[in-house]
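Here the structure is laid out as structure tokens; the discussion comes afterwards.
The values are calculated or read from the model by the stated rules, or taken from the named source; none is laboratory data. All of these numbers come straight from a predicted model, not from anything done at the bench. Every residue, glycine as well, gets a Cβ built from its backbone with ideal geometry; the counts of neighbours run over all protein chains shown. Ligands, DNA and RNA are excluded from the accessible area calculation, which covers all protein heavy atoms including side chains. Shrake-Rupley method; radii C 1.70, N 1.55, O 1.52, S 1.80 Å.
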Amino acid sequence: MSAPSLAPFINKRPWLQRFMKPLSNWYCNAAGYRQLGLRADDLLPEENDVVQTALKRLPPQEAYNRVFRLRRAIQLSMTHQLLPKEEWTKPDEDTPYLSDIITDVESEMAEREDLEAMVINKRQKNANAAKSH
């Protein structure tokens, strides 16, 4: 299940979007994941069936890039270093690559649960017609 988001509410209101944009940029820079070369979707916890399924659906190149970014970030963290500034993840590169797949998987799982919980009732023949035969 995805976390609730205020993004649709904020995006519908241009004045609120103008107010929140500098705050969101500050927060992303302060979080520090871009300084390790990570993208926001790299930070999603993997201990979830939905995320595991979404990871299996990633294209091979995207999956390889994700593993590379994570391993590099772990190595940098262990050595207490940051990437050189020119290698930081730029805001335009920090696009979601896993969130859309997670949304699709969640909707598929919800649909599957609805279908499995469906109760089928057999039609009963008209009682009068059954008595006449």
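Remarks
- For the chain, the number of Lys pairs separated by eight or more positions or lying on different chains, with C-alpha atoms closer than 30 Å, is 6.
- Packing-based ranking of 104-110, 20-26 yields 104-110, 20-26, ordered from highest to lowest mean Cβ neighbour count within 10 Å.
- Whole-percent carbon and sulfur share, accessible surface of segment 9-133, 1.4 Å: 56 percent
- For segment 1-98: Kirkwood Rh in Å [reciprocal of mean 1/r, alpha carbons]: 15.2 Å
- Degrees, to the nearest 10: 60-78 long Cα axis against longest axis of the chain: 50 degrees
- Förster radius 35 Å - calculated FRET efficiency between K21 and E111 (Cβ-Cβ, nearest 0.05): 0.50
- Helix-only arithmetic for the chain: the sum of -39500 (n - 2.57) across DSSP H runs with n ≥ 4, divided by the residue total, places the mean residue ellipticity at 222 nm at -17500 deg cm²/dmol.
- Rough spin-label spacing in nm, given labels placed 7 Å along Cα→Cβ, for D104 and K12: 2.7 nm
- At most 11 other Cβ within 10 Å, DSSP loop - GluC sites (Glu not before Pro), segment 68-102: E93
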